[in-house]
Each structure stands twice: as structure tokens, then as C-alpha cells.
1. How high is the relative contact order of the range 262-446? Use alpha-carbon pairs under 8 Å, at least six apart in sequence, and give a whole percent.
2. I'd like the distance between the alpha-carbon centres of the range 90-152 and the range 1-77, rounded to an integer number of Å.
3. Give the order of 37, 409 when sorted by the count of other beta carbons within 10 angstrom, beginning with the fewest.
4. Suppose we keep just the alpha-carbon trace of the range 262-446; what are its Rg and Dmax in angstrom?
5. Could the peptides 168-176, 195-203, 147-155 be put in order, highest first, of the mean number of other beta-carbon atoms found within 10 Å of their residues?
6. For the chain, what is the percent of antiparallel DSSP beta bridges, rounded to the nearest 5?
7. Give the distance, in whole Å, between the Cα centre of the range 368-444 and the Cα centre of the range 169-204.
8. Could you give the angle, 0 to 90 degrees to the nearest 10, between helix 20-30's Cα long axis and the longest principal axis of the Cα atoms of the chain?
Ligand code: AMP
């Protein structure tokens, strides 16, 4: 059974606005960094759901004519992160279904940890699955539930799943938003300028459509949008927050507020702390764009070493993780990042990145900087060594491919051929994020899994 599907993605829901699908489209634009493989929107016009989903970037999937067909005042949308070798159209979201209560569409960010168990139980009772997505489990659980209405069926269904989920459900007249009891993945609620509400994975979507941030959907909370009223809140699970620290490290956009804090500010703090605990003499501080930018700014400010743009990023190429084979990934790094020779030549360079996963990027960058004439290259990483895979929605490779799971820091330094290498430790990371250890999931750095 495939487990690496339905990984980190973006979800959005628009309720009670006459341009619902258009607002979902703009929101998905703002959330494009959370997934570039496929995009989709379902809208509801009160009688029927309309769905368009396709492989590709949001801009490519939709045009004016398509948006016009997505009529109605409510809509949900999704961007999907890449996975290797799937039938991408089938595995794109929203997941749509007709069932005894009508029609529904679901968008999901996260991973169900008991997906195989639930799926096998459903299959043994005759269910037929069309995709590898764990989200499809939910459709079956809702359709088969013996409860009378959709609200009760959603509660019945989510009680049977475990893991990380930020979900938005659309029916012909209602919308529901739900976050798992740990609140692993973000989900925020906002008010649209004239009428209606939106929920989205990150608040950068709110800014784009002019929405006002109300609050985060609470861990374990279900919001019900109906009759054009304020959403009704139902506490389905007792909240036990375990927010994903990696949202701060890498995943979320710096202009978002996630888990109540500015992503940019937390990243800058990480850089400051890093400069404080892992100083080194050098001439310039440069970021690995874009992920390393805020922490490099923090490092430069704290150390007093000038900040420079030493690496140019080509923005017309997707994230390097997107291609499944190692060979393609190497090629993509080269296409994506090029050195600014005039800035680097003859300098002792501190290069700051947010994380080292496989080590491919860092190795390539150190080589590139040395070839451009850097006299020394000191690698600084604004998070701890990534030693363990994520089962809650972040696409990290298996442990055997995680360089820090297989090498010591000295060995990694030697492998990437840097003059020095230093990471942030877990306690300092938590301090930079201003986070209580018990409220965060740090499994990718510690192997301490909650579920
Ligand atoms: P690697 O070459 O595998 O060490 O990749 C490290 C680079 O990938 C860093 O520059 C990170 O910004 C970025 N990165 C870290 N985690 C992820 C992820 N889950 N998906 C895509 N890129 C990532």
C-alpha cells in the first residue's frame, strides 16, 4: 500500500460569497508554495457541486472560462504536493462523491496514520477505492455512517481516523472545516471584505483576498458554515496541541502567521540564535534562497557581518524535491541556483539554509561557492539535523536517505566539503520560535513520535 500520498498540501474554503470560486483561485495562488503538482476547486451553487482539478500550477489549471463554470457562493480548493509516479489526476483534490445524502467534496492537508488499517477494513466490507489517497477513506466512512445528517456523519468519520488533518468539506449548501486534535497542520479562519468567510492553510491567502484574520481553527474543532451565518463551533476532540515545528523552519510562507506567530519573525530569530551559539569569523553572510533568507538576515544582524545576496535563484523552476530520481534532483539544483561571482570571490562566506535533508543541495552549494572563488565556506543551518521521517504530512524521505540519520555532523561537513558546519539544537529552536516544547511536534529532529 502506498503511504507517501496526500502529503503537505494547501486547503482553502470560501463560504457565502458570490465570487467563491474566484476567491478560492486567488487563495490557492497565495498557497502555491505548499504544493505544485496539481490544483483543484469544487464549488456549490445550492443544488449541485462543480469540480475542476488537474495536474499543474494553479495558473495553468484554471482560466476565466473554467472559473465561470465553477458557479455558486461556496467553494473549496486544494494544491497538491508532488509524489512519485501516481496517476496525478485521480489523486488530485478535491475528492468528490455522490452518496445517499447528495454530493460532497473534501480537501485535506496532512496524513492519516491509520489509513491502511481503515482502508483494509473498508475493502473487506466491499468498498472499492479509486485512488491511493487516504482522504478517500473519509468519503467511505461518511457514506457508510449510520448517522442521519452530514454533520453527525463527519463527526462519526473523523472519530475513526488518526493522524494529521486540516480538512474542509463542501456539501450542496454547507461547508465544514476541521482540524485534528493535535493541530499538526495550520488552518485559519477569516472574514471576507463584504460578505462571507474563508478558511485557509495559511494567512498569506487572507492578505491577497483582503480578508480579515479572525483566529486559528482550534485543534479538535469543527466549524459549521450554514444559512449564511457566523460559523458554529463544535469541540469534537479535546485539544492537545502538537503543532508542526517544520512549518516554521521551512514550509510556511514568511508573510503568514502560523500557530499564532509571524513565520518571518520566528525564522529571523532562528538566525539570530544561530549566530549567537554558532559564531564564525567571515566576510559575508548569504542565504540559500528562498528558504534561508529570513534566518540569514537574522544571522547577519546578530553577528554584524554584512548580508549579501550571493546566490541567485531562478524562480521559474519548482522546488528541487519535485523530481523523484536523484539524477533529476541534482540537475534541478543546478538549474535553480547560480552564484554571484563578484560578491563571493575571495570572501569567507557564511551560507545559511533552513535545513539539510538529503545533503544534495548543501553539497552542490558549497561546491558552487568554492568554484566562484570563496576562500572559505561555512554552512549554518537554522534547524537541528533532520534525522527522522515525518508521518504527519511533511514529505521527508525514508530514514536511509536522511543524511543526518546516517552520518555525524563532522561526517556531513566532510561530505558537503564545507570549512565548517553548524546546526541549531532543538532547545534553541524552540526558544527562537517562542514555543513550549509540549505543544510542538519535533519528530523530524528527535524521532519522538506522538502517534
Ligand atoms: P537536500 O538537498 O535534500 O538536503 O535538501 C535541502 C533543501 O531542501 C533545503 O534548502 C530546504 O530548504 C529544502 N527542503 C527541506 N525540506 C523540504 C521538503 N519537505 N520539501 C521540499 N524542500 C525541502
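Every number in this text was worked out from the coordinates using simple rules, so none of it is lab data. Quick caveat: nothing in here was measured; it's all calculated off a predicted structure. Because the Cβ atoms are built from the backbone with ideal geometry, glycine has one as well, and the counts that use them run over all protein chains shown.
1. Details: 357 pairs, mean separation 41.6, N = 185.
Relative contact order of the range 262-446: 22 percent.
2. 19
3. Arranged by neighbour count, lowest to highest, 37, 409 become 409, 37.
4. 15.6, 46
5. 195-203, 168-176, 147-155
6. Working: 62 of 79 bridges.
Roughly 80 percent of the DSSP beta bridges within the chain come out antiparallel.
7. Result: 32 Å between the Cα centres.
8. For helix 20-30, the angle is close to 10 degrees.
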